[in-house]
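Participant: Provided herewith is a single structure, encoded as structure tokens, for subsequent inquiry.
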Amino acid sequence: MSSTFDVVSKVISETSEIPLEQITPESHAIDDLGIDSLDFLDIVFALDKKFGIKIPLESWTEEVNEGRASVDDYFVLKNLCARIDELVVAKNA
Amino acid sequence: MRLEYFDIIDSVDVFDLAARHVETSSTVPAESTVFEGHFPGYPVLPGVLLLEMMNHTSGYLLLGMHDFGKLPFFAGAKKVKIRNFVAPGMVLKSICDLVHDGSGFCITRNEIRVDGKLVADAELTMMVMDFPSTELPALVRERARQHGVALGLVT
């Protein structure tokens with residue numbers, strides 16, 4: 001069974017044409033991988049479908065803008081994967 | 001269809017929010033300054049304006065999904081195919097279905113048909129934002145009424 005990171009990294013690689021080996025759990029989607037906001041929408045679309053969830057981009061953006069979270073909390077891939085795991089657990093609860 | 005005013009849609013014919021499905025129609029005008037350049041002596045509706053019609057139809061779907069409380073805008077297009085020339089006088093039917101309802105964005109699947117024949121199709125990424133002015137919501141609602149949207153059913 002693929003880990004969340006395996007799925008996320010594959011989606012990013014396919015969506016943004018970034019070699020899979022360049023993508024690590026420590027990668028920052030913007031600073032390290034150069035993913036722009038529109039590419040990120042494509043990635044979220046694919047992840048929503050893969051995991052059967054709705055990644056709450058609007059509330060994440062609000063939390064960052066209000067200083068309640070840092071950009072790294074969502075854009076460093078290991079953190080993004082942790083958020084996805086939480087959403088999957090919540091969905092299945 | 002009044003191309004010079006970007007008033008692309010003549011009417012909203014189907015506004016089925018439960019099914020996440022909207023259909024609009026529009027008649028390509030017999031004359032327009034657009035046709036003076038595209039092309040002299042051979043008027044063809046530019047493909048980007050077919051895309052714009054899909055954008056407006058998708059926009060109505062998103063407006064409805066957000067109770068006319070958010071402004072939709074066009075963020076991207078994929079799988080765009082312009083399959084046939086569209087000439088003055090043709091009646092276009094634009095058909096939009098929701099593919100994905102994301103957080104702050106939607107993906108829609110769109111077709112434009114003439115007499116049932118597919119002339120263009122695309123997948124659009126649409127985003128929503130708060131209305132940038134206090135006047136705009138009322139203007140959008142008024143335009144929707146002019147296009148035949150039964151706003152009483154929306155709220």
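Participant: Of all residues being within 13 Å of another protein chain (Cβ to nearest Cβ) and of a type in the set (Gly, Ala, Ser) in the stretch A:43-75, which is surrounded by the most Cβ atoms within 10 Å (Cβ to Cβ)? Just the residue, please.
Facilitator: A:Ala46
Participant: Of all residues in the stretch B:86-108 being within 16 Å of the chain's Cα centre (by Cα) and hydroxyl-bearing (Ser, Thr, Tyr), which is nearest to A:Leu38 (Cα to Cα)?
Facilitator: Applying the filter and picking the extreme gives B:Thr108.
Participant: So, in the stretch A:15-29, of the ones that are of a type outside the set (Val, Ile, Thr) and part of a loop (DSSP other than H, G, I, E, B), which residue ends up nearest to A:Asp85 (Cα to Cα)?
Facilitator: Residues of the stretch A:15-29 of a type outside the set (Val, Ile, Thr): A:16-17, A:19-22, A:25-29.
Going one step further and asking which of them are part of a loop (DSSP other than H, G, I, E, B), we end up with A:17, A:19, A:25-27, A:29.
Numbers: A:Glu17: 24, A:Pro19: 24, A:Pro25: 14, A:Glu26: 17, A:Ser27: 18, A:Ala29: 18 Å.
Restricting to residues being of a type outside the set (Val, Ile, Thr) and part of a loop (DSSP other than H, G, I, E, B), the top hit is A:Pro25.
Participant: Before we move on, is B:Leu92 farther than 23 Å from A:Trp60 by Cα, within 14 Å of chain A (Cβ to nearest Cβ) and either basic (Lys, Arg) or in contact with a strand residue (DSSP E or B) (Cβ under 9 Å, 6 or more places away or on another chain) (or both)? First the steps, then the outcome.
Facilitator: Values: farther than 23 Å from A:Trp60 by Cα: yes; within 14 Å of chain A (Cβ to nearest Cβ): no; either basic (Lys, Arg) or in contact with a strand residue (DSSP E or B) (Cβ under 9 Å, 6 or more places away or on another chain) (or both): yes.
For B:Leu92, the condition - farther than 23 Å from A:Trp60 by Cα, within 14 Å of chain A (Cβ to nearest Cβ) and either basic (Lys, Arg) or in contact with a strand residue (DSSP E or B) (Cβ under 9 Å, 6 or more places away or on another chain) (or both) - is not met.
Participant: Quick check on the stretch B:125-132. Is at least one of its residues farther than 30 Å from A:Glu62 by Cα, surrounded by 13 or more Cβ atoms within 10 Å (Cβ to Cβ) and without any contact (Cβ under 8 Å) to a residue 60 or more places away in the chain?
Facilitator: First, pick out the residues of the stretch B:125-132 that are farther than 30 Å from A:Glu62 by Cα: none.
Looking for residues that are farther than 30 Å from A:Glu62 by Cα, surrounded by 13 or more Cβ atoms within 10 Å (Cβ to Cβ) and without any contact (Cβ under 8 Å) to a residue 60 or more places away in the chain, one finds none in the stretch B:125-132, hence no.
Participant: How many residues, within the stretch B:21-61, are more than 12 Å from the chain's Cα centre (by Cα) and small (Gly, Ala, Ser)?
Facilitator: 5
Participant: I need the full set of residues from the stretch B:110-119 which are out of contact with any Leu (no Cβ under 8 Å at 6 or more places or on another chain) and not small (Gly, Ala, Ser), in order please. Walk me through it before giving the result.
Facilitator: Quick first cut of the stretch B:110-119, residues out of contact with any Leu (no Cβ under 8 Å at 6 or more places or on another chain) only: B:115-118.
Of everything in the stretch B:110-119, those that are out of contact with any Leu (no Cβ under 8 Å at 6 or more places or on another chain) and not small (Gly, Ala, Ser) turn out to be B:Asp115, B:Lys117, B:Leu118.
Participant: Could you pull out the residue among B:Gly64, B:Gly47, B:Gly102 that is buried (at least 16 other Cβ atoms within 10 Å of the Cβ), out of contact with any Pro (no Cβ under 9 Å at 6 or more places or on another chain), within 14 Å of another protein chain (Cβ to nearest Cβ) and among the small types (Gly, Ala, Ser)? Reasoning before the result, please.
Facilitator: Details: B:Gly64 fails: within 14 Å of another protein chain (Cβ to nearest Cβ); B:Gly47 fails: within 14 Å of another protein chain (Cβ to nearest Cβ).
Residue meeting the stated conditions: B:Gly102.
Participant: Here's a follow-up. Taking the options B:Val48, B:Val86, B:Val99, name whichever one is among the β-branched types (Val, Ile, Thr) and in contact with a Ser or Thr (Cβ under 7 Å, 6 or more places away or on another chain). Write out each step before concluding.
Facilitator: On the way: B:Val48 fails: in contact with a Ser or Thr (Cβ under 7 Å, 6 or more places away or on another chain); B:Val86 fails: in contact with a Ser or Thr (Cβ under 7 Å, 6 or more places away or on another chain).
The match here is B:Val99.
Participant: Here is a follow-up. Name the residue, out of A:Ile12, A:Ile84, A:Ile43, A:Ile55, that is part of a loop (DSSP other than H, G, I, E, B), modelled with pLDDT of 95 or more and either in contact with a helix residue (DSSP H, G or I) (Cβ under 8 Å, 6 or more places away or on another chain) or under 27 Å from B:Gly76 (Cα atoms) (or both). Show your work before the answer.
Facilitator: Working: A:Ile12 fails: part of a loop (DSSP other than H, G, I, E, B); A:Ile84 fails: part of a loop (DSSP other than H, G, I, E, B); A:Ile43 fails: part of a loop (DSSP other than H, G, I, E, B).
After ruling out the rest, the residue left standing is A:Ile55.
Participant: Still on this structure, please answer the following. Any residue in the stretch B:76-90 that is over 17 Å from B:Gly59 (Cβ atoms), in contact (Cβ under 8 Å) with a residue 60 or more places away in the chain and either among the hydrophobic types (A, V, I, L, M, F, W, C) or surrounded by 14 or more Cβ atoms within 10 Å (Cβ to Cβ) (or both)?
Facilitator: Yes: the stretch B:76-90 contains one or more residues that are over 17 Å from B:Gly59 (Cβ atoms), in contact (Cβ under 8 Å) with a residue 60 or more places away in the chain and either among the hydrophobic types (A, V, I, L, M, F, W, C) or surrounded by 14 or more Cβ atoms within 10 Å (Cβ to Cβ) (or both).
Participant: Look at the stretch A:69-80 and say how many of its residues are over 11 Å from the mean Cα position of the chain (by Cα) and modelled with pLDDT of 95 or more.
Facilitator: Looking only at that region, the number is 0.
Participant: Moving on. Any residue that is more than 27 Å from A:Asp42 (Cβ to Cβ) and among the small types (Gly, Ala, Ser) - is there at least one of those in the stretch B:36-54? Working first, answer last.
Facilitator: Keep residues of the stretch B:36-54 that are more than 27 Å from A:Asp42 (Cβ to Cβ), which gives B:36-45.
If we keep only those that are among the small types (Gly, Ala, Ser) as well, we get B:37, B:41.
Yes: one or more hits.
The values are calculated or read from the model by the stated rules, or taken from the named source; none is laboratory data. Just so you know, these numbers come straight off a predicted model, no measurement behind them. Here Cβ is always computed from backbone atoms with ideal geometry, including for glycine, and neighbour counts include all displayed protein chains.
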